[in-house]
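What follows is one structure encoded as structure tokens, with my remarks underneath.
The values are calculated or read from the model by the stated rules, or taken from the named source; none is laboratory data. Being a predicted model, the structure only gives us computed values, none of them experimental. No Cβ is skipped: glycine too gets one built from the backbone with ideal geometry, and neighbour counts run over all protein chains shown. In case anyone asks, the SASA skips ligands and DNA or RNA and just uses the protein heavy atoms, side chains included. Shrake-Rupley method; radii C 1.70, N 1.55, O 1.52, S 1.80 Å.
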Amino acid sequence: MLLKALKKVKSFTEATLEERKLPIFIQVLLLYCLLNFTILETHFPELYKFFQAGFISAFLVFVSVMLRFKASLHMIGITSLFVFTVMLTSYLEIDATYTMAYLIMCMGFVASSRLFMKAHSPIELIVGILIGALPQVFVWFYSM
């Protein structure tokens, strides 16, 4: 709302590449602060990994916007949540079949709604899935 009041963005639903730069940069900065100035790493290491991967995803999206490519932020978010949940439940040895099914269904709903609204092309959705999933897997197995 602040960016809209400052006339930095016109619409949250139809942000152009130029309008995406500042909010994504702010997200990168906020995630950096969260990772470096909180107690997450010592008290909640699994959640810390989730936010580390989120930082990498946000940085990759920022780079893609600078390169004039619009990846789906919605797909990045739901995919990273799904992959993190898969990793966490397997690590904790929890049976979460219904949760996984629900998250897969949510991924399908998000993807189909983005296509239906003509907000993204299929390649933008696929890139969003990759930017959401790969950092989660990378951080989980190769923690920084």
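Taking R0 as 41 Å, what's the FRET efficiency between K21 and L92 from their Cβ-Cβ distance, rounded to 0.05?
Numbers: r = 38 Å, r/R0 = 0.93.
Between K21 and L92 the formula returns 0.60.
Among all lysine pairs in the chain that are eight or more places apart or on different chains, how many have alpha carbons less than 30 angstrom apart?
17
Over what distance in Å are the Cα centres of region 13-59 and region 64-93 separated?
That distance is 12 Å.
Could you calculate the FRET efficiency of M66 with K118 from 1/(1 + (r/R0)^6), where r is the beta carbon distance between them and R0 is 35 Å, rounded to 0.05?
Values: r = 24 Å, r/R0 = 0.69.
Efficiency, from the Cβ-Cβ distance: 0.90.
Round to the nearest 0.05 the FRET efficiency obtained for E46 and S11 when R0 = 25 Å and r is the Cβ-Cβ distance.
Calculated value: 0.10.
Putting +1 on Lys and Arg Cβ atoms and -1 on Asp and Glu Cβ atoms, find which of P23, Q52, V83 reaches farthest to the positive end of the dipole of region 1-103.
Toward the positive end, the furthest listed residue is P23.
Remind me, what semi-axes does region 78-144 give for its equivalent ellipsoid, largest first in whole Å, using sqrt of 5 times each Cα gyration tensor eigenvalue?
Semi-axes, largest first: 24, 16, 5 Å.
Please give the peptides 15-23, 124-132 ranked by average Cβ packing (other Cβ atoms within 10 Å per residue), highest first, as a rough proxy for protection.
Numbers: 15-23: 15.4, 124-132: 21.8.
The most tightly packed comes first, giving 124-132, 15-23.
Which number comes out as Rg/Rh for the chain once both Rg and the Kirkwood Rh are worked out on C-alpha atoms?
Expressed as Rg/Rh, it is 0.99.
If we count chymotrypsin sites (Phe, Trp or Tyr not before Pro) as exposed when they sit in a DSSP loop and have at most 12 other beta carbons within 10 Å, what is the longest stretch of the chain that avoids them all?
The answer is 38-141.
Tell me the carbon and sulfur percent of the accessible area for region 22-144, rounded to whole percent, probe radius 1.4 Å. Kindly include the intermediate steps, with their values, before the conclusion.
Values: 5590 of 7420 Å².
Carbon and sulfur: 75 percent of the exposed surface of region 22-144.
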